[in-house]
1. On the given criteria, is B:I238 away from chain A (no Cβ under 14 Å), in a loop (DSSP other than H, G, I, E, B) and either free of Cβ contacts under 8 Å to residues at least 60 places away in the same chain or under 27 Å from A:N61 (Cα atoms) (or both)?
2. Taking into account only those residues within region B:74-133 that are within 16 Å of the chain's Cα centre (by Cα) and among the basic types (K, R), which is nearest to the other protein chains (Cβ to nearest Cβ)?
3. With respect to the numbered conditions (1) surrounded by fewer than 24 Cβ atoms within 10 Å (Cβ to Cβ); (2) more than 8 Å from chain B (Cβ to nearest Cβ); (3) closer than 30 Å to B:S135 by Cβ; (4) of a type outside the set (A, V, I, L, M, F, W, C), which one is the sole condition not fulfilled by A:R74?
4. What are the residues in region A:33-62 that are surrounded by fewer than 17 Cβ atoms within 10 Å (Cβ to Cβ) and either in contact with a Gly (Cβ under 6 Å, 6 or more places away or on another chain) or more than 8 Å from every other protein chain (Cβ to nearest Cβ) (or both), if any?
5. Under 9 Å between Cβ atoms, at least 6 apart or on separate chains: pull out the pairs that start in region A:191-208 with a residue that is farther than 16 Å from A:D127 by Cβ and in a strand (DSSP E or B) and end on any residue that is at pLDDT below 95 and not hydrophobic (A, V, I, L, M, F, W, C).
6. Do you know which of the residues in region A:41-80 that are without any contact (Cβ under 8 Å) to a residue 40 or more places away in the chain and among the aliphatic types (A, V, I, L, M) is nearest to A:M21 (Cα to Cα)?
7. Only one of B:K164, B:K176 is under 17 Å from B:R250 (Cα atoms) and either at the interface with chain A (Cβ under 9 Å from one of its Cβ atoms) or within 16 Å of the chain's Cα centre (by Cα) (or both). Can you tell me which?
8. When the residues of region A:90-107 are filtered to those that are aliphatic (A, V, I, L, M) and more than 9 Å from chain B (Cβ to nearest Cβ), which remaining residue is nearest to A:D27 (Cα to Cα)?
Amino acid sequence: MNLKKASMPTRKAFALRMEEMGALDKDFAVFESDIGYSTYSYLFGESYPERYFNMGLAEGNTISSAAGMASCGRTVIVCGYGVFITLRAVEAIRTYVCYPNLDVKFLSSHGGLTAAIDGVTHQATEDIAYMTTLPNMKVLVPCDTLSAKGCFDLALKTPGPVFVRLMRDPLYEVYNEGAELTVGGSTFLRTGKDITIVGYGDTVFQALEAAEILSAQGIEAEVMDAYSIKPFDREGFFTSVKKTKSCLVVENHQRRNGLGYEIATLLLAESPVPFDILGLRDTFGESGNYNLVMDKYGLSAACVVEAAKRITAKK
Amino acid sequence: MEVIKHLEETARAVRYHVIDMIYTVQSGHPGSSLSIVEIMTALYFNYAKIDPRNPLWPDRDRIVLSKGHACPTWYACLALKGYFPLETLKTLRQFESLLQGHPDKNKTPGVDMTSGSLGHGLSIGVGMALESRLSKRNFRVFVILGDGELNEGQIWEGAESASKYKLNNLIAFVDKNRLQMDGTTYEVMPMDPIDKKFEAFNWEVLSIDGHSFPEILWALKETEKIKDKPVCILAETIKGKGVSFMENIREWHGKAPDTAEYEKAIKEIGRVIL
């Protein structure tokens, strides 16, 4: 694939932007749960120690405390790993952040199998299901350095809770300087007439790689980067599907209750087309090399190619 | 003495409204509400820096009812203080009411933070107390915890973080009424010694009778002298206090009185002369 290798993972890009913005916005505070050297929130902590609170290994307390501060009108950014934030502390997010609709934003690293090497305990493969289900929550998933920085800016300026899923390891760069991201927006990274492939985060790259292979075989795929999972860009999506009349969603998440399920309900209600979802099929992942793990669980570019051919053949 | 007398009369009015609103809607937690009447009355009618005409005043002291099911007492204090009309109390828990079954920050004037799922209030108080310092507004934060609620592990996460930041602007009342939903605190989950536990987390602990206004006011005054620690006011209380047949009876945790019980309770509470 003809893409530049990323210089840093999205977790670091997001945290770098957070530190940069600390100079321009003197108000927001950052809460950490003792993984600051992994989320890179320590960068903010070094520059703005008075606004940085390391609450130790206690995610529930970290989030409820962040909610307490946000209840006084301050924007708070909570940093952590997706599994711990969204599962251990989900009630704090639901009842004390989303219900009162407070300005708490989440830097949530190790999304999906991008934390492949760490194994199941550190792979957030249910986070999108939980977070998209909570009223008032917005969910963003950038795929590269510039979009991660853009998502920080969006999270900061968008009122209410925002969850941003980030990756452990660097992949590729696809966005150019000046790209405009919006809550509820999407980016079509490749145009094609035969099938719409929807990805977010790392699966955008599996989709792009697959699109090249498919093109050599005479299938032109349109690749949608659905970086705004919730709200989802329905208009952009349907414009594409009306043209391609088929759709494949590729997500590094449980197949159940992810973006694919949401898109399936949209398609069913509006205009069903040949469709499938690639995601974890009611299984946990495992440790190992990212590419090998992605292939084993059906999420690699080769799997995308195969699924796209199967779907387009049904048209 | 005038101060204490007035507080006692106010507490009588709070008790009347607690029983009246729970009877009206036939739902709520009378036992849990009655044990914190003096604590909340002291805060609202004597001690806390608040302004009912300006519920969102940024410099106000924050009050967090972590044991949110006792909100009838909170609502009665807020109404008597003038945050909303007394008639609103009759709409407790009813469709489209300002007064939700458990406290809702965005619906009820004067409710500083949502609560009701136990174990989060101390953490919320920690966040508010940190905000008080960061914003230099120097308000204080009062959190009311139940003793059963101390079973929740997150309470102790809150305790350790309050201690780390030496939050002397955070005061946690523990309403030690010795009963939780399924039985006595000793049967369900023994937590004693509560004072030693908080002290081990490097908190200052003041032990008082939670139904004595002189003791509550003494403890609140004492908190002002403590400069480098959060303070736990361990208040010995009686669940259902003020209504003889509800006192120390587990069943009154979350049960509404029938008409005969209501009339008896109101008679015991006595005439409200406010």
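1. So B:I238 fails the test.
2. If we take residues in region B:74-133 being within 16 Å of the chain's Cα centre (by Cα) and among the basic types (K, R), then B:K105 is nearest to the other protein chains (Cβ to nearest Cβ).
3. (2)
4. A:D34, A:Y37, A:E46, A:S47, A:P49, A:L57
5. Between residues of region A:191-208 that are farther than 16 Å from A:D127 by Cβ and in a strand (DSSP E or B) and residues that are at pLDDT below 95 and not hydrophobic (A, V, I, L, M, F, W, C), the close pairs are A:I195/A:K315.
6. Checked region A:41-80; the qualifying residue nearest to A:M21 (Cα to Cα) is A:L43.
7. B:K176
8. Across region A:90-107, the extreme among qualifying residues is A:V104.
The values are calculated or read from the model by the stated rules, or taken from the named source; none is laboratory data. This one's a predicted model, so the numbers in the text were calculated from it and none came from an experiment. All Cβ positions, glycine included, derive from the backbone under ideal geometry; neighbour counts span all protein chains shown.
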